[in-house]
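Undergrad: Quick one: the structure is below, and I'll ask about it shortly.
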Amino acid sequence: MSIIQIIAICYAALICIGLPFIIKAHKKDKNIAFEVIAIVFMPLVLLIGGFLLFKTWMQKDKALPVPKKIRNFIKPDSVSVNGQIMSLAEYNIKYNKTLTLKDVYGAKYADTIDENDIRSEESFRTLKVSDDVGSFIDTEFLKIFGEAFLKRDFSNVENLISEDATMVIYDRKTIVGAKNIVDYWKDWLLRCDNDKVIVECEVKKCKWFSLPALQISPKGYVNLYVILEIHNGLITNIMDIPNPIGSIAVGGPDLDWDRLEISRIRNKLSEAIDSKPNHISCIDCSATSETLKWYRVELPMGIHGYVGDISVCPHCDKIVEFIPEIRLRYEEPIPF
């Protein structure tokens, strides 16, 4: 029996159920127009609504072909899952499946796709290392850190962290001790796995500090930069920083920008504000964010400008952090 036949039978049954109400209304000499309309059309509305809900339920967490009208704008190995677009490899990892493009689109489409355009599942589990990251001891430590994230195995990491090391979770808290730091990351990854969040890692150069960093990219969330401070062969401080620091909607300078020069904005540092705990420490002298000088500033950058909070190290006389909160637009460009 086809779906159309089932719908027709259900529709007829609902109308039959409603007929006694029409007859009752007629006997009482009431206007039966409303009852007729309601009984004829309400079952149809209920059936359509029920069918749509059933269809949505049946397609939940399933990989479906991407609509043809947008295929030219996305990668050819993409699929649609619960209204979101992702690669088939990501879908297989996230939902523990082993589907191929042929399973989703059929052989006709799958045979036209070059294998080089199909992302492998292994690529999600492989640590990427940018060419410009440089050869530093930080780089080697970050590679070990990144592999630990991807393999969910921190046995090689804990030995690299000083017993009294600290880790600043940006704008939240500071964790002390190697075991507590490792336990935090284990719990963080466990929550990602439970929520089916794909996590990728790349060792790359953080332009703001001109230092290597581990970029952790949880799919659907803001990227994180992990920056290490190493003394005598052990990690003594870790900073876990979102990038961008401010609102994505506001934009403005972030950790992928060159660091702002203090000489260019010194005349704007007039409105002092309270210091902010659990923020970025000075990379050069390790001064914590609580000991830095903080200011409210407006930074014109051409046709746009940004208002936010900025920290300056009193020892090194360098900008440490800028948090853009408001984006301005000027009538005429104002040079930075």
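The numbers here are math on the coordinates, done by the rules we state, and not lab data. Everything quoted here is computed from the prediction, not taken from an experiment. When we count neighbours, we look across all protein chains shown, and the Cβ atoms used for this are built from the backbone with ideal geometry, even at glycine.
Undergrad: Note the full-extension length gain between T112 and T291 as 0.36 nm times their separation in residues minus their Cα-Cα distance, in nm to one decimal.
TA: 58.4 nm
Undergrad: Still on this structure, please answer the following. Using a 10 Å cut-off on Cβ atoms, rank the peptides 140-149, 214-223 from the highest mean neighbour count down.
TA: With the highest mean Cβ count within 10 Å placed first, the list reads 140-149, 214-223.
Undergrad: Which cross-chain or sequence-distant (5 or more) residues have an amide H under 5 Å from the amide H of A287, H modelled 1.01 Å from N in plane?
TA: The list, which skips near neighbours in sequence, is C282.
Undergrad: Using a ≥ b ≥ c from the Cα gyration tensor of the range 126-243 (square roots of the eigenvalues), is it rounded, prolate or oblate, where a/c under 1.5 gives rounded and otherwise the larger of a/b and b/c decides, a/b for prolate?
TA: Here the range 126-243 falls in the rounded category.
Undergrad: In nm, what is the difference between 0.36 nm times the number of residues separating T98 and K219 and their Cα-Cα distance?
TA: Gain in length upon complete extension: 41.6 nm.
Undergrad: Which far-off residues, 5 or more places away or on another chain, put their amide H under 5 Å from the one on E321, with H placed in the peptide plane?
TA: S311
Undergrad: On to the next question. Considering the alpha-carbon set of the range 275-336 alone, what are its Rg and its Dmax in angstrom?
TA: That works out to 13.3, 41 Å for Rg and Dmax.
Undergrad: If packing is taken as the mean number of other Cβ atoms within 10 Å per residue, what is the order of 276-282, 101-107, highest first?
TA: Listed from highest to lowest mean packing, they are 276-282, 101-107.
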